[in-house]
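One structure below.
The values are calculated or read from the model by the stated rules, or taken from the named source; none is laboratory data. Here the structure is a predicted model, which is why all the values come from computation and not from measurement. We place every Cβ from the backbone using ideal geometry, glycine too, and count neighbours over all the protein chains shown. In case anyone asks, the SASA skips ligands and DNA or RNA and just uses the protein heavy atoms, side chains included. Shrake-Rupley method; radii C 1.70, N 1.55, O 1.52, S 1.80 Å.
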Amino acid sequence: IDPSTLTPENLRLYNKMKSDVLASKEERKYILDQQPINQNLGLQTAIPIVLTQLPLTTEEEVQAYLSRITQFKRLMEECATFIEEQIKIGSLMTADLYDKSIQQCNEFVAIDPLENTLYLYLNDQLSTISTLDATKKQAYLDECVAIITDQIYPSYKTLVASLEKAKAATTITSGLWQ
């Protein structure tokens, strides 16, 4: 694109987009310095919260919800891999922050699946969908329990193992993290 041919408004938008692309390229260099799993609303706590904010008013939305919660396994495995890469380059938090994140994960998986917020939310939402009979609702609840038990909890345990490795590798005792 020849910027000299653009209108003033389009030139402003062009320059903004160009700036965003350049900034994004620069930020990529530091991607491993991000801490997506952390004590302050890291993904391990944020994702369950976000998922329980989605309205479930139709059977299709219930199916989409169940599909979304099956993605925990992939997401937590990606986070575990990310942490392994951080260990390699030494981009780590302090041990106490790892402890807090590990505690959050362990508390989440210690909950009986029938008391898990993801299950309770689905149960509440299903009670408002009059087009589903009791058998269908129970089948969705059973599927949710299976996902929590067989996929979500094991994925959090995998994440905890990576966090424990990172904690063992860290030598950081103070700084911005405190």
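Tabulated results
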read-out: Sequence ranges 7-14, 84-91, ranked by mean other-Cβ count within 10 angstrom, highest first; value: 84-91, 7-14
read-out: Separation of the Glu164 and Glu59 label points, Cα + 7 Å toward Cβ, nm; value: 4.4 nm
read-out: Net charge of neighbours whose Cβ lies under 12 Å from the Cβ of Ile83, counting Lys and Arg as +1 and Asp and Glu as -1; value: -2
read-out: Within-15-Å neighbourhood charge of Gln44 [Cβ basis; K, R +1; D, E -1]; value: 0
read-out: Pairs of lysines in the chain (C-alpha under 16 Å apart; 8 or more residues apart or interchain); value: 10
read-out: Overall dimensions of the chain as given by Cα atoms, namely Rg and Dmax in Å; value: 21.3, 66
read-out: Percentage relative contact order, the chain, counting C-alpha pairs under 8 Å, at least six apart; value: 34 percent
read-out: Per residue value of the accessible surface for region 124-177 (all protein chains in place, 1.4 Å probe), Å²; value: 56 Å²
